[in-house]
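My questions will all concern the structure given below.
The values are calculated or read from the model by the stated rules, or taken from the named source; none is laboratory data. Model, not experiment: these values are computed from the prediction. We place every Cβ from the backbone using ideal geometry, glycine too, and count neighbours over all the protein chains shown. Calculation scope for accessible area: heavy atoms of the full protein, side chains included, ligands and nucleic acids excluded. Shrake-Rupley method; radii C 1.70, N 1.55, O 1.52, S 1.80 Å.
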Amino acid sequence: RYAKLRVGVLQAPAQASGAQAREKGKGGDAALPYAEAFGSWRKHSPYYKETHHAFRRALREFMDRELKPHCKGWDDRGDLPTKDLDKLMGDFGIFACFVAGEEGAAELFREHGISLPGGVAP
């Protein structure tokens with residue numbers, strides 16, 4: 001049905017070697033394109049602390065565990081993710097990320113036992 005829109009084929013990435021393999025062990029898949037802001041991956045950054053890496057690692061693990069196994073099927077069938085997934089995302093703290101920087105959010109999170117992925121404090 002979408003054959004006329006197809007412009008190429010994605011291939012599996014080559015096996016990581018040397019510096020890429022060492023970088024991958026530090027904070028997740030830093031050698032993957034688009035996994036980090038361009039110009040900051042594989043470089044030291046004063047802005048990316050361990051909390052950034054913990055958050056990214058936790059979010060990637062959640063996506064790999066809860067979304068990745070189902071995405072192709074949902075896409076092939078034209079389905080939307082289930083309400084159960086919305087609940088899992090809420091419990092994991094993903095939706096809380098959208099308001100974590102708002103005034104009073106930290107107190108509200110403490111009051112209701114809400115945490116952010118990777119144990120990051122709001």
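Identify all residues within region 64-101 that are surrounded by 12 or more Cβ atoms within 10 Å (Cβ to Cβ) and part of a loop (DSSP other than H, G, I, E, B); write none if there are none.
Within region 64-101, Pro81, Gly93, Ile94, Val99, Ala100 meet the criteria.
Continuing with the same structure: Restricting to region 102-120, count the residues that are small (Gly, Ala, Ser), out of contact with any Gly (no Cβ under 8 Å at 6 or more places or on another chain), open to solvent by 40 Å² or more (accessible area, probe 1.4 Å) and without any contact (Cβ under 8 Å) to a residue 60 or more places away in the chain.
Qualifying residue count, region 102-120: 1.
Related question: Tell me, which residue of region 28-53 that is of a type in the set (Gly, Ala, Ser) and either surrounded by fewer than 11 Cβ atoms within 10 Å (Cβ to Cβ) or closer than 19 Å to Phe98 by Cβ (or both) is modelled with the lowest pLDDT?
Ranking the qualifying residues of region 28-53, first place goes to Gly39.
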